[in-house]
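Visitor: Have a look at this one.
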Amino acid sequence: MKTRVLGKTGFEVSEIGLGCWQLGNDFGPVEDQEAAAILQSAVDEGIHFFDTADVYGGGLSEQRIGQWRKTLSNQPIIATKVGRNSELYPNGYSKAKVKESLQASAKRLGVEAVDLAQLHCVPRDILFSGDLLAWMEDFKQEGIIKHFGASVEMLDEAKFCCEHPQIASLQILFNVFRQDAVDSLLPLASKNDVGIIVRLPLASGLLTGKMGLNHTFSEHDHRSYNKDGAAFHVGETFNGIPFEKGIALVEALKEKLPEEHNILDVSLRWILDQPQVSSIIAGASRSSQVVRNAAASNLPPLSKELHSLLADFYRMEVRDEIRGGI
Ligand SMILES: NC(=O)c1ccc[n+]([C@@H]2O[C@H](COP(=O)([O-])OP(=O)(O)OC[C@H]3O[C@@H](n4cnc5c(N)ncnc54)[C@H](OP(=O)(O)O)[C@@H]3O)[C@@H](O)[C@H]2O)c1
């Protein structure tokens, strides 16, 4: 597993990390034993960067990570998020409540100070007011968190955050079906030493190529109840693309890929080929997926021809299908 520096944190993170939303049972139930196996296989594969949030399973994801990390001699780097629990979102933000939220996360994770606390897709006007970022500076000063970053929906929010002098990282939606950040964000992030954490690398699983039109999701899976944005931002589930259209696009892209390439490996490798990316936090609901995704770190870069094929396919076939803005 290769590592990269995560912006101003200076942390050396594994270029494939683990997204732990699944450990909150938000993609369907993951039994305790499987959750432990997912975390263990991550470590076995050299993954030592984990992303979670206080709201994943109402704290379950953080609790599971906290329990598990007690058994480790080498501590992983754990990023969590703040700003979406019902106390705060959408308009209950106060410095005291945000601090309380972060302290509760630290307790569940079993750490003195959170390694990286990310604002969690907070409402645009609240982000742009700057108060939350100023509070994060204070929490860093007080030692409640070691570093702070933000997870955002839109590129203009990402650019705004990049200009903040202390922000260490940005978590963005970025994959072969959402490529705009290549030109409009990554150079700025790199110039300002802001580490890029990539979420939804597989567009909620679409880009694994394993799903068909008859694929079903449990009622507790956001890919069932938020497939058209009924519960949270429409751009999040399946990358904002209507499921049926997403399946058709994946099938069309598969047809275009040279025979020796499969869509899952190509999708992960395309992201790693962007030097400004620090880590891909691929989500996994079973340990075999972790092992498969970790292997992308050792794949060779994609050819120039394949990069242009993917750029053309995105521009001509995919971009206009994304709902919720970019
Ligand atoms: N607002 C935010 O800040 C925000 C929003 C979304 C996600 N995130 C973070 O980003 C992480 C990654 O995003 P994501 O999990 O939503 O999307 P993702 O990584 O694009 O897709 C994850 C899903 O893809 C499937 N998958 C992954 N690897 C596979 C493999 N090797 N073979 C077969 N299937 C595979 C699994 O589906 P099945 O479960 O169906 O097998 C898995 O649940 C999350 O875990 C979370 O930590 C943050």
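FYI, it's all coordinate maths here, none of it is from the lab. As the structure is a computational prediction, the values presented were derived from the model and not from experiment. Don't worry about glycine lacking a Cβ; one is built from the backbone with ideal geometry, like all the others, and counts go over all protein chains shown.
Visitor: On a 0 to 90 degree scale, rounded to 10, what angle separates helix 243-256 from the longest Cα axis of the chain?
Guide: That helix lies at roughly 50 degrees to the long axis.
Visitor: Report ³J(HN,Hα) in whole Hz for each residue of the stretch 95-104, in order, from the Karplus equation J = 6.51 cos²θ - 1.76 cosθ + 1.60 where θ = phi - 60°; Gly and Pro get x.
Guide: After applying 6.51 cos²θ - 1.76 cosθ + 1.60, I find 4, 5, 6, 5, 4, 4, 4, 5, 5, 5 Hz.
Visitor: Antiparallel versus total DSSP beta bridges in the chain: what percent is that, nearest 5?
Guide: 10 percent
Visitor: In whole Hz and in residue order, list the ³J(HN,Hα) couplings for the stretch 66-73 that follow from phi through the Karplus curve 6.51 cos²θ - 1.76 cosθ + 1.60, θ = phi - 60°; x for Gly and Pro.
Guide: Running phi through 6.51 cos²θ - 1.76 cosθ + 1.60 with θ = phi - 60° gives x, 4, 5, 5, 5, 8, 9, 8 Hz.
Visitor: If you add up the charges near Asp180, with Lys and Arg at +1 and Asp and Glu at -1, over every other residue whose beta carbon is less than 14 angstrom from its beta carbon, what do you get? The partial results should precede the final answer.
Guide: Working: positive: Lys159, Arg178, Arg315, Arg319; negative: Glu153, Asp156, Glu157, Asp183, Asp320, Glu321.
Here the charged neighbours net out to -2.
Visitor: Then there's this: At a Förster distance of 30 Å, what's the computed FRET efficiency of Asp44 paired with Gln274, Cβ-Cβ distance as r, to 0.05? Mind dumping the intermediate values first?
Guide: On the way: r = 26 Å, r/R0 = 0.88.
That gives a FRET efficiency of 0.70.
Visitor: List the residues whose amide H sits under 5 Å from the amide H of Asp115, counting only those 5 or more places along or on another chain, with H placed 1.01 Å from N in the peptide plane.
Guide: It is Ile78, Lys146, by chain and number.
Visitor: Hey, which of these cross-link pairs are over 23 Å Cα-Cα: Lys8/Lys159; Lys81/Lys107; Lys256/Lys304; Lys81/Lys254; Lys210/Lys256; Lys95/Lys140?
Guide: The answer is Lys81/Lys254.
Visitor: For the chain, find the longest principal axis of its Cα atoms and tell me its angle to the long axis of helix 304-313, 0 to 90°, nearest 10.
Guide: Rounded to the nearest ten degrees, it is 90.
Visitor: Still on this structure, please answer the following. Quick one: longest stretch of the chain between exposed loop GluC sites (Glu not before Pro), exposed meaning at most 15 other C-beta atoms within 10 Å and loop per DSSP?
Guide: It works out to 261-326.
Visitor: List the residues of the stretch 293-324 whose backbone N lies under 19 Å from a point placed 7 Å from the Cα of Lys2 along the Cα-to-Cβ direction.
Guide: 293-308
Visitor: Moving on. From the phi angles alone, apply the Karplus equation (6.51, -1.76, 1.60; θ = phi - 60°) to the stretch 131-139 and give each ³J(HN,Hα) in whole Hz, x where the residue is Gly or Pro.
Guide: Computed from phi, the couplings for the stretch 131-139 are 4, 4, 5, 5, 5, 4, 4, 5, 5 Hz.
Visitor: If I histogram all Cα-Cα distances within the stretch 182-315 using bins 10 Å wide from 0, what percent of pairs lands in each bin?
Guide: Pairs per bin, as whole percents: 11, 38, 38, 12, 0.
Visitor: Per residue of the chain, what 222 nm ellipticity follows from adding -39500 (n - 2.57) for every DSSP H run with n ≥ 4, rounded to the nearest 500?
Guide: The per-residue figure over the chain is -10500 deg cm²/dmol.
Visitor: In percent, what relative contact order does the stretch 3-321 have, based on Cα pairs under 8 Å that are 6 or more apart in sequence?
Guide: In percent, rounded to a whole number, it is 23.
Visitor: Quick one: order Asp44, Asp180 by neighbouring beta-carbon count within 10 Å, fewest to most.
Guide: Details: Asp44 13, Asp180 16.
Result, fewest neighbours first: Asp44, Asp180.
Visitor: Could you please state, rounded to a whole Å, how far the C-alpha centre of the stretch 248-326 is from the C-alpha centre of the stretch 3-59?
Guide: 20 Å
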